[in-house]
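Chemist: Once you've had a glance at the structure underneath, I'll fire off some questions.
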Amino acid sequence: MTPLYAPDVFIKDKVEALAQQLGLELPHQEQWDFIQSAESLDLQAAPGSGKTSLIGLKLALLGQGWASPTRGICVLSHTNTAKDEITHRLAVTPAGRRLLHYPHFIGTIQAFTNTFLALPALRSQGTEVQTVDDQAYANEALRLPERHPQFRKLNTALGHRTNGPALVAEARYVCDAGDLIATGPDGTPPFKASSDSGKQFAALKETLRERGVLRYHDMFAIAEHHLFHHPQLALAAAHRFPFVLLDEMQDTSDLQQRLLDKVFGSPSTVVQRVGDVNQRIFADGPDAAQPSSFPLPHAAQLPVSRRFGSKIAALASDLTVHRRQHIDGAGHDGTVALLLFDDDTVAEVVPAFERMATATVPRQLLLDNPPRVLGARLTPRGANAYPQSVACYVPGFTSTPVQATGSLITATRTAQALRRSGDNHTAVTLLWNAIRDVVRLASSGALPPLRRLDRNPATAGGRARLLLHDLLTSPLDSRAEWAVHTARLLRLLQDLTQSPLKGVARLADPLAHIPYVTQPAPVPDAPADADQGVVASIAGSIQSAKGETHAATLILECLERSGKKYDVHEVLGLLSRQQDPSKALITIQRAAQLVFVGATRPTHLLAFAAHRTRAEPHIKAITARGWSVHDISLR
């Protein structure tokens, strides 16, 4: 049998040579342990520990020595953003580029499920998938009961329920003992199966499936159903992919994990799972993953963060909710500050933070990476408390979600690198799929697969192919040139999707131009020139900043999810009492976990904003931790 890869693929000399080529340093034994491991393992990686860089290095090493022409490496992530980051890192070396095409697979868990299980199952039933998208499904599902007499009794029954629209819009399949069952959003059927409403509810779901309109969740249920009736498929998938790497494992749901276990549960398959369970946002509902599912008790660790220094590391260590971890800060020893305000100075919090960032962070870092203002709640939600959300602190703030700024141009640059390496097919496919992902934000329709694009230059498909060519061959340094490309794309959308555009404003972030920058070298501290003025901050949610690195970050005190407590206040209490957050009430655990995510973003300045009356009992303990305290209400 042909060996999968050369036996010396992880020897010290090869690792050091490729690490040097990629500009990576490996000073810690934990890094070497992960790189050289060829067995199944879990890796708990602290924020800023260089997890993604290590994954890229390990995969490139495997690419150098991979020998099998028909069996490959399967790299799965929870989000397209994480997948794109891995793809981008692999595209810079010839060895890494080998993993971007057959027999290997790099994609999201959803894409893997669709490609290898759900789509073949649907095609075998004669179903041609039109769209897999929750919003597109909801739009279609809400129209059907009102327009077709066959759903009259269901429509009447739904009208008697306050959650009637949600039952239809969010209906999903579950696989129960080998049967596909139509359920409501909670995973249980909303009507008795024998009732007229129950039969019509199931028929509505079946009608949409036959039309090829499905939810993301449906694809997992269909895949699970297909595996139940064709168990040999799991054996085939495990044989095709003897080495599996799962990134951002903490975000994998129980539903996804159950399916992956069925496919890759064989002892002969090496499964390496990487993530940070302490950055797992608490999830509710039937798909919520259990905190104990990752990492396993004997998991390896990457406890050293090169993003920040000892002060932020100490704070982060004390807020590890899901799994206690001592994080060592090996980065810049920055500043941690507490900004106190009162009822009359709420609007002065962000300007005070911007001035502080300008005075303490090297100016070029701020210009390259503007200060970020984060909160757990974007807009007020009914309570009389003030302030309670980001919008209370930032006049004119809107709750339009931040969508991976510059995601399309980043994907385009990765595709250009692939094209320069000679892999034109993978380049154009990656770019088109990135455009399809972006378009879902503004249209209820879906772009067709690349193979269905017409080649006639007079058609929308032909114009799309020309745009793809221009994107792959044009310089991307000029904002003006990028604006021309994105304007062409926007003009094409309506013709390509054959549906009216909605939510075009949501495309501003993914279509934005960002300059191409390499990882900045460490910059020595230098006070900013006050005469140059402050650098304006960018506001958003803590959740949206997950995985980012900032020069300066402000965490605003907001009402936590129950609307009864203030998150920063509760976290200050945990820190001042030196209390284990995992022993706190679940609402406080959720608040601490979100604050952990936000607090581990910055390299130089981390600031918190809290009302003076709530924060005063904790100031002495906070000062003893080396924090600076600034009362802006006294200015």
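The values are calculated or read from the model by the stated rules, or taken from the named source; none is laboratory data. Please read all numbers here as calculations on a predicted model, not as lab measurements. No Cβ is skipped: glycine too gets one built from the backbone with ideal geometry, and neighbour counts run over all protein chains shown.
Chemist: So which of A67, A82 ends up being of a type in the set (A, V, I, L, M) and out of contact with any Pro (no Cβ under 7 Å at 6 or more places or on another chain)? Walk me through it before giving the result.
Modeler: Values: A67 fails: out of contact with any Pro (no Cβ under 7 Å at 6 or more places or on another chain).
Testing whether each residue is of a type in the set (A, V, I, L, M) and out of contact with any Pro (no Cβ under 7 Å at 6 or more places or on another chain) leaves just A82.
Chemist: Related question: Quick one: which of E206, E224 is modelled with pLDDT of 95 or more, farther than 30 Å from P295 by Cα, assigned to a helix (DSSP H, G or I) and not assigned by TED's automatic domain parsing to the domain that holds S49?
Modeler: Values: E224 fails: farther than 30 Å from P295 by Cα.
So the residue among E206, E224 that is modelled with pLDDT of 95 or more, farther than 30 Å from P295 by Cα, assigned to a helix (DSSP H, G or I) and not assigned by TED's automatic domain parsing to the domain that holds S49 is E206.
Chemist: Taking the condition under 25 Å from I312 (Cβ atoms) and surrounded by fewer than 18 Cβ atoms within 10 Å (Cβ to Cβ), does E25 pass? So that I can check it myself, show each step before the final result.
Modeler: Details: under 25 Å from I312 (Cβ atoms): yes; surrounded by fewer than 18 Cβ atoms within 10 Å (Cβ to Cβ): yes.
Yes; evaluated as a whole, the condition is true for this residue.
Chemist: Related question: From L59, L4, which residue is touching a strand residue (DSSP E or B) at 6+ places or on another chain (Cβ under 9 Å) and at pLDDT 95 or above? First the steps, then the outcome.
Modeler: Working: L4 fails: at pLDDT 95 or above.
That would be L59, the only listed residue that is touching a strand residue (DSSP E or B) at 6+ places or on another chain (Cβ under 9 Å) and at pLDDT 95 or above.
Chemist: Residue check: is T115 in contact with a strand residue (DSSP E or B) (Cβ under 9 Å, 6 or more places away or on another chain), surrounded by fewer than 18 Cβ atoms within 10 Å (Cβ to Cβ) and of a type in the set (S, T, Y)?
Modeler: Details: in contact with a strand residue (DSSP E or B) (Cβ under 9 Å, 6 or more places away or on another chain): yes; surrounded by fewer than 18 Cβ atoms within 10 Å (Cβ to Cβ): yes; of a type in the set (S, T, Y): yes.
Yes, satisfied.
Chemist: For the range 333-355, give me each residue that is within 27 Å of V304 (Cα to Cα), at pLDDT 95 or above and not small (G, A, S). Spell out how you get there, then give the answer.
Modeler: Filtering the range 333-355 down to residues within 27 Å of V304 (Cα to Cα) leaves 333-338.
Filter once more, so that each one left must be at pLDDT 95 or above: 335-338.
Residues satisfying the conditions are T335, V336, L338.
Chemist: Turning to a different aspect of this structure: Identify all residues within the range 46-87 that are over 16 Å from the mean Cα position of the chain (by Cα), not in a helix (DSSP H, G or I) and not β-branched (V, I, T); write none if there are none.
Modeler: Residues of the range 46-87 over 16 Å from the mean Cα position of the chain (by Cα): 46, 49-50, 53-74.
Still in the running and not in a helix (DSSP H, G or I): 46, 49-50, 66-74.
Across the range 46-87, the qualifying residues are A46, S49, G50, W66, A67, S68, P69, R71, G72, C74.
Chemist: Can you tell me which residue in the range 407-461 is farthest from T115 (Cα to Cα), limited to those that are modelled with pLDDT under 85 and among the β-branched types (V, I, T)?
Modeler: Ranking the candidates gives T410 first.
Chemist: Residues that are of a type in the set (A, V, I, L, M), in the same structural domain as H630 (by TED's automatic domain parsing), within 30 Å of V438 (Cα to Cα) and modelled with pLDDT of 95 or more: does the range 365-373 have at least one?
Modeler: Within the range 365-373, the first condition is being of a type in the set (A, V, I, L, M), and the residues that meet it are 365-367, 373.
Now restrict to residues that are in the same structural domain as H630 (by TED's automatic domain parsing): 365-367, 373.
Next, from what is left, pick out any that are within 30 Å of V438 (Cα to Cα): 365-367, 373.
From what is left, the residues that are modelled with pLDDT of 95 or more are 373.
Within the range 365-373 (the criterion being of a type in the set (A, V, I, L, M), in the same structural domain as H630 (by TED's automatic domain parsing), within 30 Å of V438 (Cα to Cα) and modelled with pLDDT of 95 or more), the answer is yes, since at least one residue qualifies.
Conditions (1) out of contact with any helix residue (DSSP H, G or I) (no Cβ under 6 Å at 6 or more places or on another chain); (2) of a type in the set (A, V, I, L, M); (3) surrounded by 22 or more Cβ atoms within 10 Å (Cβ to Cβ), marked per residue:
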| position | (1), (2), (3) |
| --- | --- |
| F191 | no, no, no |
| E206 | yes, no, no |
| R215 | no, no, yes |
| A221 | yes, yes, yes |
| H225 | yes, no, no |
| H229 | yes, no, no |
| P242 | yes, no, no |
| Q250 | no, no, yes |
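Chemist: Answer yes or no as to whether T79 is buried (at least 19 other Cβ atoms within 10 Å of the Cβ) and outside the structural domain of D437 (by TED's automatic domain parsing).
Modeler: Values: buried (at least 19 other Cβ atoms within 10 Å of the Cβ): no; outside the structural domain of D437 (by TED's automatic domain parsing): yes.
Against the criterion (buried (at least 19 other Cβ atoms within 10 Å of the Cβ) and outside the structural domain of D437 (by TED's automatic domain parsing)), T79 does not qualify.
Chemist: If you don't mind, there's one more thing I want to ask. Would you check if there is a residue in the range 223-230 being under 30 Å from R152 (Cβ atoms) and in contact with a Leu (Cβ under 6 Å, 6 or more places away or on another chain)?
Modeler: Going through the range 223-230, the residues under 30 Å from R152 (Cβ atoms) turn out to be 225.
Of the ones still in play, those that are also in contact with a Leu (Cβ under 6 Å, 6 or more places away or on another chain) are 225.
Yes, that holds for at least one residue.
Chemist: Which pairs have Cβ atoms under 6 Å, sit 6 or more apart or on different chains, and link a residue in the range 150-176 that is of a type in the set (F, W, Y) to one that is at pLDDT below 90?
Modeler: Close Cβ pairs (under 6 Å, with a partner that is at pLDDT below 90) amount to F151/P145.
Chemist: When you scan the range 340-383, how many residues do you find that are β-branched (V, I, T) and farther than 16 Å from S628 by Cβ? Explain how you work it out, then say what you get.
Modeler: Within the range 340-383, the subset β-branched (V, I, T) is 345-346, 349-350, 358, 360-361, 373, 379.
Now narrow it down to the ones that are farther than 16 Å from S628 by Cβ: 345-346, 350, 373, 379.
Final tally of qualifying residues: 5.
Chemist: Would a scan of the range 332-347 turn up a residue that is without any contact (Cβ under 8 Å) to a residue 40 or more places away in the chain, touching a Gly at 6+ places or on another chain (Cβ under 6 Å) and of a type in the set (G, A, S)?
Modeler: Scanning the range 332-347, I find no residue that is without any contact (Cβ under 8 Å) to a residue 40 or more places away in the chain, touching a Gly at 6+ places or on another chain (Cβ under 6 Å) and of a type in the set (G, A, S), so the answer is no.
Chemist: Can you find a residue in the range 427-450 that is without any contact (Cβ under 8 Å) to a residue 24 or more places away in the chain and over 26 Å from the mean Cα position of the chain (by Cα)? Quick ask: steps written out before the conclusion?
Modeler: So in the range 427-450, the residues without any contact (Cβ under 8 Å) to a residue 24 or more places away in the chain come out as 429, 433, 436, 449-450.
Filter again for over 26 Å from the mean Cα position of the chain (by Cα), leaving none.
No, every residue in the range 427-450 fails to be without any contact (Cβ under 8 Å) to a residue 24 or more places away in the chain and over 26 Å from the mean Cα position of the chain (by Cα).
Chemist: Let me ask another. For the range 32-50, indicate whether the set of residues that are in contact (Cβ under 8 Å) with a residue 40 or more places away in the chain, surrounded by 13 or more Cβ atoms within 10 Å (Cβ to Cβ), under 20 Å from P94 (Cα atoms) and out of contact with any strand residue (DSSP E or B) (no Cβ under 8 Å at 6 or more places or on another chain) is non-empty. Give the derivation first.
Modeler: To start, the set of residues in the range 32-50 that are in contact (Cβ under 8 Å) with a residue 40 or more places away in the chain comprises 33-34, 37-50.
If we keep only those that are surrounded by 13 or more Cβ atoms within 10 Å (Cβ to Cβ) as well, we get 33-34, 37-38, 40-50.
Narrowing further to those that are under 20 Å from P94 (Cα atoms): none.
For the range 32-50, residues in contact (Cβ under 8 Å) with a residue 40 or more places away in the chain, surrounded by 13 or more Cβ atoms within 10 Å (Cβ to Cβ), under 20 Å from P94 (Cα atoms) and out of contact with any strand residue (DSSP E or B) (no Cβ under 8 Å at 6 or more places or on another chain): absent.
Chemist: May I pose another question? Out of (1) closer than 30 Å to E210 by Cβ; (2) polar (S, T, N, Q); (3) free of Cβ contacts under 8 Å to residues at least 40 places away in the same chain, the odd one out for S53 is which?
Modeler: Of (1) closer than 30 Å to E210 by Cβ; (2) polar (S, T, N, Q); (3) free of Cβ contacts under 8 Å to residues at least 40 places away in the same chain, only one is false for S53: (1).
Chemist: Let me ask another. Within the range 606-635, track down each residue that is touching a helix residue (DSSP H, G or I) at 6+ places or on another chain (Cβ under 8 Å), closer than 11 Å to L338 by Cα and among the hydrophobic types (A, V, I, L, M, F, W, C).
Modeler: Scanning the range 606-635 gives L606, A607, F608, A609, A610, A615, I622, W627, V629, I632.
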